[in-house]
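Each reported figure results from applying straightforward, stated rules to the coordinates on display, with no laboratory input. Remember, predicted model here, so these are calculated numbers, not experimental data. Every residue, glycine as well, gets a Cβ built from its backbone with ideal geometry; the counts of neighbours run over all protein chains shown.
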């Protein structure tokens, strides 16, 4: 997968043109469905210059992400394991934030600690990025000063069922507190109004 290029997908390079993204009413993100069944979803996302795909999760899912055009900054988070040993100062800071949160009432939406597991700029020559149900499962993706596109594989896909839980729904988050240099507190939120997509056809070889 590290060798994949835009040409492997017959990628429409008009989406590389900054002028395309200046058109009136153009969505900040274009979605191209490559293939989908009950086990896997393959797609291409194209982001306008400077646009950041909001921080989101992948419940009980595995993912592979390969940049095929332009460059993106990817910041990924891993939920902070309760069993992991931490130093006394870090623990005291966490307790303080948790106490303050509880005094405001129990949140209906998720709020939890996470470690920054990746903060890199990736381009078409970069290695494939990997996420698992427990590692780097939360991420945000930001195009730099030019349009950027990445090929995305998710398994199982969103909306498939998690046994005894329900459908896999994509949830969104923001950094509520910075606990230390690499530990933050994430708060679940509603879908950001700035994030919406239009669609473009897939022009590459048919996958069966």
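Over 10 Å intervals from 0, what percent of Cα-Cα pairs in region 165-208 sits in each interval? With 10 Å bins starting at 0, P(r) equals 18, 27, 29, 18, 8. Treating each Cα of region 120-207 as an identical point scatterer and summing with the Debye formula, the log10 of I(q)/I(0) at q = 0.13, 0.16, 0.22 Å⁻¹ comes to -0.67, -1.04, -1.63.
Which ordering of 43, 10, 76 is given by a fewest-first count of other beta-carbon atoms within 10 Å?
Details: 43 17, 10 11, 76 23.
With the sparsest Cβ surroundings first, the list reads 10, 43, 76.
From least to most packed, judged by other beta carbons within 10 angstrom and beginning with the fewest, 128, 14 follow the order 14, 128. Write down the Kirkwood hydrodynamic radius of the chain, to one decimal in angstroms, obtained as one divided by the mean of 1/r over all alpha carbon pairs. Taking the inverse mean of 1/r over all distinct Cα pairs, the chain comes out at 18.4 Å.
Pairs of Cα atoms nearer than 8 Å and 6+ residues apart set the relative contact order; for the chain it is 36 percent. Each listed q (0.12, 0.14, 0.23 Å⁻¹) maps to a log10 I(q)/I(0) for region 1-82 from the Debye sum over equal C-alpha point scatterers, namely -0.45, -0.61, -1.39.
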